[in-house]
1. What residue among A:109, A:12, A:30 has the largest mean-square fluctuation in a Gaussian network model of chain A, using Cα springs under 10 Å?
2. Per-residue HN-Hα couplings for region A:53-62, Karplus 6.51 cos²θ - 1.76 cosθ + 1.60 at θ = phi - 60°, whole Hz, x for Gly and Pro?
3. Mind grabbing the accessible area of residue A:90 for me, 1.4 Å probe, Å², rounded to tens?
4. Counting other Cβ atoms within 10 Å, keep those with at most 14, restrict to DSSP loop, and tell me which trypsin sites (Lys or Arg not before Pro) in region B:353-391 are left.
5. Using alpha-carbon pairs under 8 Å, 6+ residues apart, how would you state the relative contact order of region B:102-257 in percent?
6. Give the average, rounded to an integer, of partner chain Cβ atoms located within 10 angstrom of each Cβ in A:120-131.
7. Hey, in the GNM for chain A with a 10 angstrom Cα cutoff, which one of A:104, A:48, A:79 fluctuates hardest?
8. Tell me, what is the 1.4 Å probe accessible area of residue B:15, in Å² to the nearest 10?
Amino acid sequence: MSPKLTTARRLVLSITLLPLTVIGAVVLVVAGLPIWALVAVVAALVIFVWAWWLIGRRVRSFGYVERQDDLLVTSGILFRRLVIVPYGRMQLVDLVAGPIDRSFGLASVQLHTAAATTDAKIPGLPPDVAAGLRDRLAAQGEHRSAGL
Amino acid sequence: MTLSPGAAPSAGGATQPQHVHPLTPWVHAMQAAPVLLIAVVVPLGNAGEFGAWIILVALVAVLLLVALIAGLAYLSWTRLTYWFDGQGDFRIDSGIVTRRERRLQLSRLQGVDVVQPLFARLVGMAALTIEVAGAGDSRASLQYLKYEQAQALRSEVLARAAGLTHDAGEAPEEPLVLVPPRDLAVSLLLRGTTVFLFLLTIALVILLSVTAGWAGLFMILTAGVPIIIVFTEFTQFFNFTVAKSPDGLRTKAGLFQVTAQTIPPGRVQAVEFVQSWLWRRRGWVRVRINVAGLSTTDDNGQNQSQMSTVLLPVAPYPVARQIVNYVLPDMDLLDIEMKAAPPRVHRRAWIQFRNLSVGWNDRVFVTERGKYVNRIAVVPHARTQSVRVTQGPWERSLGLASMHVDSPPGPVTVVALYREVAEAQRLAQEQNDRAQAALRADPSTHWMTQTGAGDSDEQSVADFAPPTGLPSEGPPPPVEQEGRPAAPSSNDGTPAGQSPPAPDDLRDS
């Protein structure tokens, strides 16, 4: 995965957690509970550092291998996952890029089979790589389409 | 009417657009009437002393509402037409304000139901529901036809889906099993859910009658007591019969609303034998199935979807196996050697640790789990969508991992819980190989590879990740990707020193 994914996710973490912490602290101070405000800020900081560290590991945990007959995807740190999807079972391949992803030049590829539980998402690819992967997967899928 | 497409009869068995039965609006109105009557009159009767004329006004209001429903139903009746088009698909045009033209590809047919709600049944009418594979709303319902007409249309749909000529006639039925109502009732009573619902009902009744007195009691009676769910299930599966016919397995059940369902051959994606703890002495099981398109999150109400996923509400295990043999032929469940999970699994699964096992033969993959509700799930290799290995923190601390076989949405989950990590990975890789081999061998699919079995199939998962498994910490900082974009060795997803072979290596090996 592109290391920019780490930056992007840390940015998302910052812009969600930090304002929340500030608002929470202000509310607690106004409510006359400055000690609790301090506790909340410390807790938020601990979570922030932990999540910051976890994001780095989690992004590094994503991996995929295009094998001859199937695609293998791994992900996760706390909850680890390895998915094997035969090309013949792919029903559609999504290429998704949200606004933050786009600003970092990232895109993710997601595979869908008839089973909703097939959770094969490859995030944080450079757009051209993602598009190439999507095209190869789609071609393989069409080639070997096996129906249900 | 706006009927341009398919209006002219053409070659290929196309038919003229047809309306459903003209009495349909009346049936709709009559079905709505009792509900409306109860909804309007019951609160009034409770409110009491306003005099009879209020009730009269209410009755008139109900009548007007019923007339309104009948009028709307008549409008939609004039706008609803169905026919078979020249390409062998089933077409339905409907809608008063928003026009909707549906085209159901019969080659993707998953099931056909003939449903008879109570009132429709009294006047000899039935609705036909056609389900094709697809996400979301992939079913179409024709309300209402004469019962014989519905049956004829059902066999025509099935015959066309099977590629036969459309006048093949009704396929003969051969009854296999009838679930005696007494067994059904006993089985429903001997369930943890029933006990729970019963206690909940008692608690609710006591709570409400203490806090709100008679009004509370009345409230709970009109809102419904939880135990009613069990009764509903009883009426739903009443006189459950399974029959065999050339166009698939047929089930039929219902006390008030009778539903007859046909599952064409090869549509069942996975099967599960469920046994409640109290059923064990009698050797009873319930059989549930996954069929693509019949997900439980259906927008047509729970009744139908639950009906569709139960192949047999209760039966002795040998009988259930026999029935399942009709939907998944030659699977010889008894010959499969089940491998238990490692002994230390009792530290992860305190209750069900003796009941976790996995096995397979050359056609199906089988997993077992659960002590108080024992579930044996069966998935054919040819129906394996994908395989997964997952590991949560607790499992990792014990060196365990779970292996899943993904199946289309439905009640059946196929998971080999808590295996040794290396074993789980081996299971996943081997199941993937078996699934791919089955796909290549399956004549019912269009597997069009030019090459034979890939060499990469020989690669085991262990080559991609070490026994500790799924990628863990400590990789070197990511290398900027050059050349082949998908080269996994530059995707720092694996531990240092154990980088997976590049795809090129795989292809060359």
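1. Between A:109, A:12, A:30, it is A:30 that shows the largest mean-square fluctuation.
2. 5, 5, 4, x, 5, 5, 4, 5, 6, 6
3. Roughly 20 Å² of residue A:90 is accessible to a 1.4 Å probe.
4. In loop regions of region B:353-391 (DSSP not H, G, I, E or B), the sparsely surrounded trypsin sites (Lys or Arg not before Pro) are B:371.
5. 21 percent
6. What the average comes to for A:120-131 is 2.
7. Highest fluctuation of the listed residues: A:79.
8. Its heavy atoms expose roughly 40 Å² to the probe.
The values are calculated or read from the model by the stated rules, or taken from the named source; none is laboratory data. This one's a predicted model, so the numbers in the text were calculated from it and none came from an experiment. Methodologically, a virtual Cβ is constructed for each residue, glycine included, from the backbone with ideal geometry; neighbour enumeration extends over all protein chains shown. Just so you know, the surface numbers come from the protein's heavy atoms only, side chains and all, with ligands and any DNA or RNA stripped out. Shrake-Rupley method; radii C 1.70, N 1.55, O 1.52, S 1.80 Å.
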